[in-house]
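Structure first, then comments.
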Amino acid sequence: MSTRIPTDARHTPGGAAFTELLLEVFRVNGLLLAAGDRLTEDLGLSSARWQVLGAIEEGPATVAQIARKMGLKRQSVQRLVNVLAEARLVALAPNPNHQRSPLVQFTAAGTRAYAQLQTLQAGWANRIADGISARTLTDALATLRQLRQRLEQARSPE
């Protein structure tokens with residue numbers, strides 16, 4: 001038996017559409033994390049570890065920079081960096097700009113693992129995207145980026 005929760009909330013058409021999109025993004029996020037875990041399992045990684053590695057793909061970064069870039073909590077990124085460092089996939093290097101915030105960077109093993117992951121991801125992405133036009137996906141990406149920018153500017157649910 002389904003119980004509907006009474007509400008006085010009134011959405012504009014845009015607000016209602018955004019709410020539906022938000023709920024769908026939550027569902028997709030769960031599926032993406034599960035798929036990412038399966039994709040990375042043989043490499044001894046997880047979706048969360050993949051996120052951290054992806055954040056340093058363009059170059060070394062501090063834990064705080066990784067957290068901001070990926071929209072994660074600094075403490076959770078620190079735990080993941082510690083696990084990746086124990087697995088010798090990343091190393092901590094001195095940061096010339098901040099003595100107490102070392103830079104997280106790939107090790108040789110991390111670079112190899114990330115390259116293997118990128119190969120696996122490309123095949124998986126190609127299969128998932130098959131039959132959806134690149135234009136449709138590009139439009140969806142543009143919309144999500146615009147929403148992310150608005151959320152970053154607002155920094156509160158109000």
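Return a yes/no flag: does the stretch 5-19 have any residue that is in contact (Cβ under 8 Å) with a residue 60 or more places away in the chain, out of contact with any Pro (no Cβ under 7 Å at 6 or more places or on another chain) and outside any loop (DSSP other than H, G, I, E, B). For the stretch 5-19, residues in contact (Cβ under 8 Å) with a residue 60 or more places away in the chain, out of contact with any Pro (no Cβ under 7 Å at 6 or more places or on another chain) and outside any loop (DSSP other than H, G, I, E, B): present. I need the full set of residues from the stretch 28-46 which are under 13 Å from Gln118 (Cα atoms) and not β-branched (Val, Ile, Thr), in order please. Once the filter is applied, which keeps residues that are under 13 Å from Gln118 (Cα atoms) and not β-branched (Val, Ile, Thr), the stretch 28-46 yields Gly36, Leu39, Leu43, Leu45. For the stretch 34-61, the tally of residues that are open to solvent by less than 20 Å² (accessible area, probe 1.4 Å) and part of a helix (DSSP H, G or I) stands at 7. All conditions in (1) open to solvent by less than 80 Å² (accessible area, probe 1.4 Å); (2) assigned to a helix (DSSP H, G or I) hold for Ser101, with the sole exception of (2). Only one of the listed residues (Val81, Val77, Val52, Val63) is touching a Lys or Arg at 6+ places or on another chain (Cβ under 7 Å) and in contact (Cβ under 8 Å) with a residue 12 or more places away in the chain. That residue is Val63.
Residues in the stretch 64-85 that are open to solvent by less than 40 Å² (accessible area, probe 1.4 Å) and either out of contact with any Leu (no Cβ under 9 Å at 6 or more places or on another chain) or in a loop (DSSP other than H, G, I, E, B) (or both): Ala64, Ala67, Ser76, Val77.
The values are calculated or read from the model by the stated rules, or taken from the named source; none is laboratory data. Predicted model, so just to flag it, every value in this text is computed and none were measured. Note: ideal-geometry Cβ built from the backbone for every residue, glycine included; neighbour counts use all protein chains shown. The accessibility values were calculated without ligands, DNA or RNA, using every heavy atom of the protein model including side chains. Shrake-Rupley method; radii C 1.70, N 1.55, O 1.52, S 1.80 Å.
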